Amino acid sequence: MTGSRIRLGVLVSGSGTNLGAIFDSIEKKTLDAEVAVVVSNKEQATGLDRARARNVPAVFIDHKKFADRSAFDSSVVDVLKKHGAQWVVLAGFMRIVTPTLLDAFPMRVINIHPALLPAFPGAHALKLAIDYGVKVSGCTVHFVDAGTDTGPIIAQAVVPVESGDDEAALAKRILVEEHKLLSRVLQWASEGRIEVTPAAGDARPSVRIRV
Ligand code: GRF
């Protein structure tokens, strides 16, 4: 590996299998990174246990204790900075983030979404894809911007939708690809290969991976 060890702050709300995949890739040495801290807005998130099991700082911050999203994000930023996070990964983090977080880590906040954006943004991507009747779906890793799942796309993987799929079946098939894609993107980040061309006129910002 040629990259330098980047320090990740990973935000989770649930089972944290993507976080588990990051740990696995680091342990297999296919990802040159270190998880500096895991933060969750859910006290019972399995993702926090995955961190504790590896002696990685795991911090619960109760969003209900804050007056608004920005105040919550400000507390998240404090924790991320305190642990020296350089990149922030939303890995099943079920909160909309605000400019308070985004401005603290400009073009350093990424999200993984279980659909081929721009199709099916939001919290119900799997159900929407099945209900629409698409024959392929997949996952997207993208930079986070102020919208919901609207930021510049870094990478995508395609997954077939089989007839008779329910949300659980499709989620399971997509998760396999999520786990690979997220670690691959983070390794690109570690190697400094993710190049962003800013928005110009009507053109969206675009992302290119340097070879
Ligand atoms: C994944 O499907 C991810 O795309 C979405 O939330 C799910 C999180 O899964 N944002 P896990 O918590 O990593 O298992």
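The values are calculated or read from the model by the stated rules, or taken from the named source; none is laboratory data. Small disclaimer: the values here were computed from a predicted structure and weren't measured. All Cβ positions, even for glycine, are placed from backbone atoms using ideal geometry, and neighbour counts span all protein chains on display. Ligands, DNA and RNA are excluded from the accessible area calculation, which covers all protein heavy atoms including side chains. Shrake-Rupley method; radii C 1.70, N 1.55, O 1.52, S 1.80 Å.
List of remarks:
- Packing around the peptides 24-31, 187-194, taken as the average count of other Cβ atoms within 10 Å per residue, puts them in this order, highest first: 187-194, 24-31.
- Packing-based ranking, highest mean first, of 170-178, 155-163 given that Cβ atoms within 10 Å are counted: 170-178, 155-163
- Across the options Ala51, Val207, Val134, the greatest Cα extent toward the positive end of the charge dipole of the chain (unit charges at beta carbon of Lys, Arg, Asp, Glu) belongs to Ala51.
- Charge context of Phe72, other residues only, Cβ under 10 angstrom, K/R +1, D/E -1: +1
- Å² per residue, accessible surface of the chain at 1.4 Å: 49
- Distance in nm between pseudo-label sites at Asp78 and Arg54 (7 Å out along the Cβ direction from Cα): 2.7
- Positive minus negative residues near Glu34 (Lys, Arg vs Asp, Glu; Cβ under 13 Å): +2
- For region 106-211: rounded, prolate or oblate by the Cα gyration tensor [a/c cutoff 1.5]: prolate
- Farthest positive-ward along region 52-180 dipole, Cα basis, beta-carbon charges - from Ala91, Thr150, Val77: Val77
- Charge dipole of region 125-204 about the Cα centre (unit charges at C-beta), most positive-ward option of Gly192, His179, Val159: Gly192
- Relative to the Cα centre, the charge distribution of the chain, modelled as +1 at Lys and Arg Cβ and -1 at Asp and Glu Cβ, gives a dipole magnitude of about 540 debye.
- Difference of contour (0.36 nm per residue) and Cα-Cα distance, Gln156 to Ala67: 28.5 nm
- If you sort the three axes of the alpha carbon gyration tensor as a ≥ b ≥ c, you get a/c under 1.5 for the chain, which makes it rounded.
- Using a probe of 1.4 Å on the protein chains alone, the accessible area found for Asp68 is around 80 Å².
- Estimated at 0.36 nm per residue, the fully extended path between Ala119 and Arg5 surpasses their Cα-Cα distance by 37.7 nm.
- Calculated FRET efficiency for the pair Val211/Thr30, C-beta based, R₀ 25 Å, to 0.05: 0.85
- Listed peptides 204-210, 34-40, 148-154 appear in the order 34-40, 148-154, 204-210 once ranked by packing, highest mean of other Cβ atoms within 10 Å at the front.
- Of all accessible heavy-atom area on the chain, the percent that carbon and sulfur account for (1.4 Å): 54
- Hits among lysines - C-alpha to C-alpha of Lys81 under 30 Å, sequence gap 8 or more where chains match: Lys28, Lys29, Lys42, Lys64, Lys65, Lys180
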